[in-house]
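Worksheet: one structure, shown below.
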Amino acid sequence: MGRASTLLIIFLVLGSSFATYNLVTMLRHYGSSEGVTVADGGLFFDPITEMPDHVKNRKTSKAPFHVALTATDAPYNKWQCRVMYYWYKQQKKLPGSEMGGFTRILHSGKSDNLMDEIPTVVVDPLAEGMDRGYIVLNRPWAFVQWLEKAKIEEEYVLMAEPDHIFLRPLPNLAYQGHPAAFPFFYIKPDQNEKIIRKFYPEEYGPVTNVDPIGNSPVIIRKDLIAKIAPTWMNISLKMKEDPETDKAFGWVLEMYAYAVASALHGVRHILRKDFMLQPPWDLETNKKYILHYTYGCDYNMKGELTYGKIGEWRFDKRSHLRGPPPKNLPLPPPGVPESVVTLVKMVNEASANIPNWNTT
């Protein structure tokens, strides 16, 4: 018995040491600089990283989200909204989707000719001159107005943009009080601490509390975005008024403003790299949910990228500012990444099936 007890103690000590080693290894691997959080009596890693499967699998019932798309009435915006809405309808009806209703939040202050085609709520733009030529500042103000006047059945909201295409049915990637967001490589709060501190004082915590995200794509509980949106709007305006911040952040200023506003409210995001891809830099659409065609795609006829130089073959949304692209766009030459081929095929399918495609 004495020998058996000794062996048992040895095994327990070794087992405890092994478990401790595994825990430390996991924390080093997943925790990055953020550590872990305890919730609902269980351990999960900080929302700065993707949550482990045992946490994500806790969700046993569907949690539909409302798709909210901010837009203007410019022809350039309209055709993108029509493509986006077409693919929303295609993916919503497929298995695995948790996509609920859809609203185009039109911040032009007046209705347009897409009101009967796309569910739309009209809100006011900022007062003349307030956007200082940066029209994206209307986005947070649009959400503030929409959230005040809209009756949204779903508990969650997906904030989306016109140049998003749904590649496959989108599930709800958020988890309770943690929204899901896409991490942008060019949003770097930790490398802009001096500027961030103008809007996120030290008493709120380290700058690493500010997630490297924008407001879109984000799936978030509507009670959380209702709290964040007014702060997001005010921070956006203050950033634009500050010359140093405006110069440093440029066209992504409103994205930084959302990230800071969220941090001020103590909201952290689950960062999902599979949420979205951006051609031509991301080469494949496999296991991604949204295709964001913000960048121009320029190639020579050998299939080589000529970014910064107009290619022999190109697709760039900015080539179609005054109206929609023609139907049946030519496919890219052999050797061009699958993501770019998929983009053109999906735009072609949408334009072929949307009535009165050439309407502006």
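The values are calculated or read from the model by the stated rules, or taken from the named source; none is laboratory data. Note that this is a predicted model, so its numbers are computed, not measured. Positions of Cβ are backbone-derived with ideal geometry, glycine not excepted, and every protein chain shown enters the neighbour counts. The protein model used for the area step is the full one, side chains on, heavy atoms only, and it has no ligands, DNA or RNA in it. Shrake-Rupley method; radii C 1.70, N 1.55, O 1.52, S 1.80 Å.
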Taking segment 220-259, which residues are under 20 Å from residue 158 (Cα atoms) and of a type in the set (A, V, I, L, M)?
-> 220, 224, 225, 226, 228, 229, 233, 252, 255, 257, 259
Expected output for segment 176-193 (first residue farther than 12 Å from residue 260 by Cα, partner surrounded by 14 or more Cβ atoms within 10 Å (Cβ to Cβ) and at pLDDT below 95, Cβ below 6 Å, 6+ apart or cross-chain) is 178/47
Could you list all residues from segment 182-197 that are surrounded by fewer than 18 Cβ atoms within 10 Å (Cβ to Cβ) and in a helix (DSSP H, G or I)?
-> 190, 191, 192, 193, 194
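Report yes if residue 134 is within 18 Å of the chain's Cα centre (by Cα) and either surrounded by fewer than 18 Cβ atoms within 10 Å (Cβ to Cβ) or in contact (Cβ under 8 Å) with a residue 12 or more places away in the chain (or both), otherwise no.
On the way: within 18 Å of the chain's Cα centre (by Cα): no; either surrounded by fewer than 18 Cβ atoms within 10 Å (Cβ to Cβ) or in contact (Cβ under 8 Å) with a residue 12 or more places away in the chain (or both): yes.
When the stated conditions are applied, residue 134 does not pass them.
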First in segment 107-122 and outside any loop (DSSP other than H, G, I, E, B), second anywhere and open to solvent by 60 Å² or more (accessible area, probe 1.4 Å), Cβ under 8 Å, 6 or more apart | 120/111; 121/149; 122/110; 122/111
Hits in segment 311-321 - residues which are surrounded by 13 or more Cβ atoms within 10 Å (Cβ to Cβ) and over 17 Å from residue 333 (Cα atoms) | 317, 320
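Consider segment 322-345. How many of its residues are within 24 Å of the chain's Cα centre (by Cα) and open to solvent by less than 20 Å² (accessible area, probe 1.4 Å)?
Step one: filter segment 322-345 for residues within 24 Å of the chain's Cα centre (by Cα), giving 337-345.
Imposing the further condition that a residue be open to solvent by less than 20 Å² (accessible area, probe 1.4 Å) reduces the set to 339-340, 343-344.
Of the residues in that region, 4 qualify.
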